[in-house]
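Read the figures in this text as sums done on the coordinates, not as results from a lab. Since the model is a prediction, treat every value here as computed from it, not as a measurement. Neighbour counts run over all protein chains shown; Cβ positions are idealised from the backbone, glycine included.
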Amino acid sequence: MKIYGPKDRFKVSVESHGVAFVLSPLTVKQKSEVMSAVSRAGGNVVQDRYEMVRLAVKYAVKSAEGFETADGTPFVLSLDADGSVSDEGLDYLMNIPDTVGALFAASLQFIHGKPDEILDGETGKPLSGVTLAPVGKV
């Protein structure tokens, strides 16, 4: 059985749009922060789903490929010193039309380590036209 850590990188390609994202598994501290968006209220489990997605994207995504800014220049994702997506980078990623569903699904699945494939969060079936491939280590 193979195990992967936060230094491993995987490309998630959305073939229909010609774009890709490079992601990595999260550290234990990052996983804890994402999971803290789940709490109990009145005996019920309550999720702040948006906060979970925001943190998963912030920590899992390492680069984005195939995008241009409004003025036509290649988009370069900005990262903080610790390698997580900056607030400015999140502003862009959280506003990508069409491919954002695949990005959110992939990021959430990387909370638990490297998935075998990217699944639709609602159906549990593989996302059509979305591939996952190793790209190395940093």
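Rounded to the nearest 20, the Cβ-based charge dipole of the chain about its Cα centre (Lys and Arg +1, Asp and Glu -1) stands at 720 debye.
Expressed in Å, the radius of gyration and Dmax of the Cα atoms of the chain are 14.9, 51. Remark: region 11-19, residue by residue, has Karplus-estimated 3J(HN,Hα) of 9, 9, 9, 10, 4, 5, 10, x, 10 Hz, where x stands for each Gly or Pro and the curve is 6.51 cos²θ - 1.76 cosθ + 1.60 at θ = phi - 60°. Cα centroids of region 10-32 and region 61-138: 5 Å apart.
Along region 62-75 the Karplus relation, 6.51 cos²θ - 1.76 cosθ + 1.60 evaluated at θ = phi - 60°, assigns HN-Hα couplings of 10, 6, 10, 10, x, 10, 10, 7, 4, 8, x, 7, x, 7 Hz to successive residues, with x for each Gly and Pro. The amide H of residue 127, built 1.01 Å from its N in the peptide plane, has 118, 119, 120 as neighbours under 5 Å, considering only residues 5 or more places off or on other chains.
Report the residue, chosen from 101, 83, 124, that carries the largest GNM mean-square fluctuation when the chain is represented by alpha-carbon nodes joined by springs under 10 Å. Ranking 101, 83, 124 by mean-square fluctuation puts 124 first. Between beta-carbons, use under 10 Å as the cut-off and find the net charge around residue 75, counting Lys and Arg +1, Asp and Glu -1. Once all neighbours under 10 Å are counted, the net charge is -2. Each of 35, 94, 78 was placed along the dipole of the chain (beta-carbon charges, centred on the mean Cα), and the one lying farthest toward the positive end is 35. Couplings 3J(HN,Hα) for region 125-130, derived from phi with the Karplus relation 6.51 cos²θ - 1.76 cosθ + 1.60 (θ = phi - 60°), are 9, x, 6, 5, x, 10 Hz, where x marks Gly and Pro.
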